[in-house]
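Below is one structure; the comments refer to it alone.
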Amino acid sequence: LNKRNPLHAVPTLELPNGTVLTQNVGILQYVARAGKAPELVGGDDAQAQAEVLQWSAFLSTEVHEASHVVFFSKRFTASADEDQVANVRSAGIALLGERLKILDSRLAGRDFIVGSSKTVVDAQAIPMLRWSAKVLPDGLEPFPNLMAFYARLIKDDGVVAAAEAEQMSLDL
């Protein structure tokens, strides 16, 4: 991994021609199009494509980064004082909650984050919602639209198959 990805992080995807993709937004676009499922990334509709990219970026830069503050609090302070680290973690939890409010509002009256059918953004949200449910004081309870969305999504055959392949529980 370290030889292929200068960020020393996942995800990393090496293509047959040797090109290495290292960011999930790019990897998801590639996998959907190479797998002949362009509808998962907005198809040929420029607005739908832009919305998929917008919400994929939101999950990657806002929700995922907020969870980093929670899980890796020591990285976000120069202090070794445990009270300061706890304060950083608390701030991360609050930030994560604020980001999930935005996503919860987006899902009001909708079955999917973008459009009227599933996209890569919906799948991208699954692990972030699982992490969030474990660290937020009330789990996902304050976000009824997210809870309903998650309950629908984990019944999807593709989601179930992916979870089984990864030996991952979908329980919150």
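The values are calculated or read from the model by the stated rules, or taken from the named source; none is laboratory data. The model shown is predicted, which means the values in this text are computed figures rather than measured ones. Reconstructed Cβ throughout: ideal geometry from the backbone, glycine too, with neighbour counts over all protein chains shown. Surface accessibility is based on the protein's heavy atoms, side chains included, excluding ligands, DNA and RNA. Shrake-Rupley method; radii C 1.70, N 1.55, O 1.52, S 1.80 Å.
Just checking, does the range 83-99 include any residue being hydroxyl-bearing (Ser, Thr, Tyr), open to solvent by 10 Å² or more (accessible area, probe 1.4 Å) and either more than 29 Å from residue 50 (Cβ to Cβ) or within 14 Å of the chain's Cα centre (by Cα) (or both)? So far as the range 83-99 goes, yes, one or more of its residues are hydroxyl-bearing (Ser, Thr, Tyr), open to solvent by 10 Å² or more (accessible area, probe 1.4 Å) and either more than 29 Å from residue 50 (Cβ to Cβ) or within 14 Å of the chain's Cα centre (by Cα) (or both). The C-beta contact set for the range 143-171 (first residue of a type in the set (Val, Ile, Thr), second residue exposed (fewer than 12 other Cβ atoms within 10 Å of the Cβ), distance under 8 angstrom, 6+ apart or interchain) is empty.
Residues checked against (1) in contact (Cβ under 8 Å) with a residue 24 or more places away in the chain; (2) in a helix (DSSP H, G or I); (3) of a type in the set (S, T, N, Q):
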| position | (1), (2), (3) |
| --- | --- |
| 2 | no, no, yes |
| 27 | no, yes, no |
| 43 | no, no, no |
| 53 | yes, yes, no |
| 58 | yes, yes, no |
| 66 | yes, yes, no |
| 74 | no, yes, no |
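The number of residues in the range 80-120 being more than 17 Å from residue 59 (Cβ to Cβ), modelled with pLDDT of 95 or more and among the polar types (S, T, N, Q) comes to 3. Can residue 123 be described as assigned to a helix (DSSP H, G or I), modelled with pLDDT under 95 and either more than 22 Å from residue 24 (Cα to Cα) or open to solvent by 20 Å² or more (accessible area, probe 1.4 Å) (or both)? Answer is yes for this residue.
Going through the range 126-172 one residue at a time, which ones are open to solvent by less than 30 Å² (accessible area, probe 1.4 Å), more than 22 Å from residue 101 (Cβ to Cβ) and part of a helix (DSSP H, G or I)? Before the answer, list the steps.
Step one: filter the range 126-172 for residues open to solvent by less than 30 Å² (accessible area, probe 1.4 Å), giving 126, 128-129, 132-133, 135-136, 139-140, 143, 146, 149-150, 153, 159, 163, 170.
From what is left, the residues that are more than 22 Å from residue 101 (Cβ to Cβ) are 159, 163, 170.
Residues satisfying the conditions are 159, 163.
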